[in-house]
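Take a look at the structure set out below.
The values are calculated or read from the model by the stated rules, or taken from the named source; none is laboratory data. This is a predicted model, so every value here is computed, not measured. Note that each Cβ is placed from the backbone with ideal geometry, even for glycine, and that neighbours are counted across all protein chains shown. Only protein heavy atoms, including side chains, enter the accessible area calculation; ligands, DNA and RNA are left aside. Shrake-Rupley method; radii C 1.70, N 1.55, O 1.52, S 1.80 Å.
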Amino acid sequence: MEKEIALLHRADFEFSHIFYFCRKGFEAIVEDEVTQRFSSEELLSWNLLTRTNVNFHYISLRLTVVWVIGVIVRYCFLLPLRFTLAAIGITSMIVGTTVVGQLPNGSVKNYLSEVVHLTCSRILVRALSGTIHYHNKENRPQKGGICVANHTSPIDAIILTNDGCYAMVGQVHGGLMGVIQRATVKACPHVWFERSEIKDRHLVTKRLREHVADKSKLPILIFPEGTCINNTSVMMFKKGSFEIGGTIYPVAIKYDPQFGDAFWNSSKYNIVSYLLRIMTSWAIVCNVWYLPPMVRKEDEDAVKFANRVRSAIARQGGLTELPWDGGLKRAKVKDTFKEEQQKNYSKMLVRNGSVGSLSAETESD
Amino acid sequence: MMFCGTEDPFGQLGTAVLAVLPLSFLCTGRAWGAEKPLARHANLSLSFFSSSVSHSQITRLYSRFTSLDKGENGTLSREDFQRIPELAINPLGDRIINAFFPEGEDQVNFRGFMRTLAHFRPIEDNEKSKDQNGPEPLNSRSNKLHFAFRLYDLDKDDKISRDELLQVLRMMVGVNISDEQLGSIADRTIQEADQDGDSAISFAEFVKVLEKVDVEQKMSIRFLH
């Protein structure tokens with residue numbers, strides 16, 4: 001009896017147990033899965049843009065000359081052209097949607113609003129020298145559905161609206177962005193939230209649900225990652241968009257990094273310098289895949305459904321899947337993950353003891 | 001359109017200047033900047049490694065160092081390390097981070113960073129027969145064990161006391177094991193390893209307990225993939 005109690009208290013702790021955690025820690029310090037997703041992808045071969053070469057050093061005179069020619073072409077020829085086009089595009093969008101917004105609600109208004117949105121969107125895509133390949137157009141999002149895509153930059157929205165009309169969801173901004181938002185919402189039922197409202201999740205869900213229930217309304221465009229990721233992986237999808245109901249139309253967007261880096265590192269660059277960098281790249285080349293629509297199954301909860309959609313998008317776009325939250329870009333990781341690690345270790349410790357193995361010297365890892 | 005022939009020489013001069021401006025901005029400063037600090041560090045780091053480390057390994061670690069350095073002042077603080085999610089959820093994360101910072105300091109530069117990482121370099125076969133006269137490399141078995149010993153021994157008195165062992169155990173198991181059970185685990189571990197009967201583990205006893213463990217393999221990481 002006493003021996004059994006003694007066995008219960010006995011557990012196999014070894015000094016060498018810390019080696020495992022130590023090694024994991026140092027491996028994470030040298031390279032980890034998550035933080036590398038919040039900075040631009042490194043290219044194997046240089047594309048003549050200094051910004052994409054982290055370990056830039058001088059190679060040869062000929063390469064430098066080629067690079068200088070590239071700089072001249074990009075900054076002095078392409079940039080003014082693109083800037084002019086962008087200005088035309090934005091102005092016509094504001095003017096066009098304001099004009100259409102004056103019309104009474106009806107099919108004429110919807111038709112004209114679609115025309116205006118599509119045209120201006122196409123002008124803006126040309127302004128970025130965008131070459132977009134759309135695949136599987138038969139799966140394009142229908143009215144009353146929710147379109148879900150991976151997020152790399154603010155340009156994602158323009159790239160998708162180039163091919164169809166969506167109702168956007170987003171925060172109300174100030175400045176030029178705010179002017180555009182106020183103008184477009186008159187013509188088309190976009191859903192713009194005040195900053196304070198986003199915090200109230202039920203209000204957000206309620207408004208989106210109302211929008212989806214109306215089958216005549218345009219599909220909603222949502223980026224469930226919540227933040228920009230560098231287009232090499234898809235991070236955790238926030239479950240809020242998947243609780244609304246309705247049909248989900250997943251879309252995978254993959255940029256070709258050889259022509260320009262589309263990722264917006266918002267902690268490093270503000271929107272203006274980001275747009276400048278985009279407009280001085282060679283081009284924006286990307287592939288857009290429309291995936292078949294998905295509906296939540298009976299026994300699936302929102303989280304599982306979100307993961308299923310995410311897997312489909314990642315597989316199609318050739319991106320890796322990470323279970324980490326994109327919010328880790330700015331916020332600290334939750335303690336629950338550490339507690340999980342501790343729980344796993346404790347289980348191993350106590351389990352060894354209850355099996356009754358007397359001190360084993362080496363632990364097989 | 002923009003450069004079509006005008007008879008205006010100032011206009012043409014103006015556009016030429018405009019064309020050269022972005023060039024000059026890019027050519028100075030940042031365009032070549034990545035090379036300079038690296039050259040400085042490349043010479044420093046060689047002293048930590050018994051054999052020469054490849055340039056690409058140092059480059060890789062330097063670019064990792066700069067990407068972690070959000071403040072861009074050439075040093076890392078504890079917050080910079082805690083921003084790595086996989087390290088933040090590691091139960092021993094805080095101790096590992098502390099190992100980088102010398103006594104009482106809050107910043108570590110690239111030299112210090114490499115120095116601590118050097119402990120985890122794998123031991124190559126050709127190093128084992130190197131000259132015995134030089135200083136012991138940081139990634140020798142003995143130094144790896146010393147590094148692990150220092151993770152336990154917080155007050156640096158060269159002994160792991162029962163309290164210090166309990167602290168590490170508590171970090172690793174969280175709230176999942178009761179105090180009594182943890183205490184008895186600690187007592188048993190010390191009892192088995194302690195040879196001179198002072199209820200604490202000295203470095204020699206530590207080495208003896210781990211003599212059959214493959215320390216070289218368990219305390220090594222690959223620096224490059």
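Go through A:Gly130, A:Gly144, A:Gly70 for me and flag whichever is closer than 30 Å to A:Lys215 by Cα and either surrounded by 14 or more Cβ atoms within 10 Å (Cβ to Cβ) or polar (S, T, N, Q) (or both).
A:Gly144
Listed by first and then second residue, the pairs with beta-carbon distance under 9 Å, at least 6 apart or on different chains, first residue in the stretch A:112-126 and assigned to a helix (DSSP H, G or I), second among the aromatic types (Phe, Trp, Tyr), are A:His117/A:Tyr166. Of everything in the stretch B:196-218 that is under 18 Å from B:Leu154 (Cβ atoms) and at the interface with another protein chain (Cβ under 9 Å from one of its Cβ atoms), the residue that is surrounded by the most Cβ atoms within 10 Å (Cβ to Cβ) is B:Ile201. Among the residues of the stretch B:125-154, the one identified as open to solvent by 70 Å² or more (accessible area, probe 1.4 Å) and modelled with pLDDT of 85 or more is B:Arg150. Against the condition more than 10 Å from every other protein chain (Cβ to nearest Cβ), modelled with pLDDT under 80 and within 28 Å of B:Val168 (Cα to Cα), how does B:Pro102 come out, does it pass? So B:Pro102 does not fit the description; no.
The single condition from (1) assigned to a helix (DSSP H, G or I); (2) touching a residue at least 60 places away in the same chain (Cβ under 8 Å); (3) of a type outside the set (S, T, N, Q) that B:Phe81 fails is (2).
Could you tell me whether the stretch A:344-355 includes any residue that is at pLDDT below 85 and either within 30 Å of A:Ala87 (Cα to Cα) or away from every other protein chain (no Cβ under 14 Å) (or both)? Yes, the conditions are met somewhere in the stretch A:344-355.
Give just the number: which of (1) within 14 Å of chain B (Cβ to nearest Cβ); (2) at pLDDT 90 or above does A:Arg51 not satisfy? With respect to (1) within 14 Å of chain B (Cβ to nearest Cβ); (2) at pLDDT 90 or above, A:Arg51 is out only on (2). Residue count for the stretch B:106-124 under the criterion of being open to solvent by less than 20 Å² (accessible area, probe 1.4 Å) and among the basic types (Lys, Arg): the result is 1.
Summed over the stretch B:61-91, residues that are touching a Leu at 6+ places or on another chain (Cβ under 8 Å) and open to solvent by less than 20 Å² (accessible area, probe 1.4 Å) total 9.
In this structure, does A:Lys338 turn out to be in contact with a Ser or Thr (Cβ under 9 Å, 6 or more places away or on another chain) and either exposed (fewer than 15 other Cβ atoms within 10 Å of the Cβ) or not aromatic (Phe, Trp, Tyr) (or both)? No: the conditions fail for A:Lys338.
Of the residues A:Val125, A:Val108, A:Val100, the single one that is at pLDDT below 90 and surrounded by 13 or more Cβ atoms within 10 Å (Cβ to Cβ) is A:Val100.
Comparison of A:Ile155, A:Ile159 shows that the only residue that is surrounded by 20 or more Cβ atoms within 10 Å (Cβ to Cβ) and modelled with pLDDT under 90 is A:Ile155. Do we find a residue being more than 20 Å from A:Phe193 (Cα to Cα), of a type in the set (D, E, K, R) and outside any strand (DSSP E or B) anywhere in the stretch A:153-168? Checked against the condition, which is being more than 20 Å from A:Phe193 (Cα to Cα), of a type in the set (D, E, K, R) and outside any strand (DSSP E or B), the stretch A:153-168 yields at least one hit. Cβ-Cβ contacts under 9 Å between residues 6 or more apart (or on different chains), taken from a first residue in the stretch B:59-76 that is facing chain A (nearest Cβ under 8 Å) and over 22 Å from B:Ala88 (Cβ atoms) to a second residue that is surrounded by fewer than 18 Cβ atoms within 10 Å (Cβ to Cβ) and of a type outside the set (A, V, I, L, M), are listed as B:Thr59/A:Asn55.
Entry remark, the stretch B:153-172: residues being within 12 Å of chain A (Cβ to nearest Cβ), in a helix (DSSP H, G or I) and touching a residue at least 24 places away in the same chain (Cβ under 8 Å) number 4 in total. Can you find a residue in the stretch A:89-111 that is among the small types (Gly, Ala, Ser) and not in a helix (DSSP H, G or I)? Yes, that holds for at least one residue. For the stretch A:197-207, the tally of residues that are assigned to a helix (DSSP H, G or I) and either in contact (Cβ under 8 Å) with a residue 60 or more places away in the chain or out of contact with any strand residue (DSSP E or B) (no Cβ under 7 Å at 6 or more places or on another chain) (or both) stands at 7.
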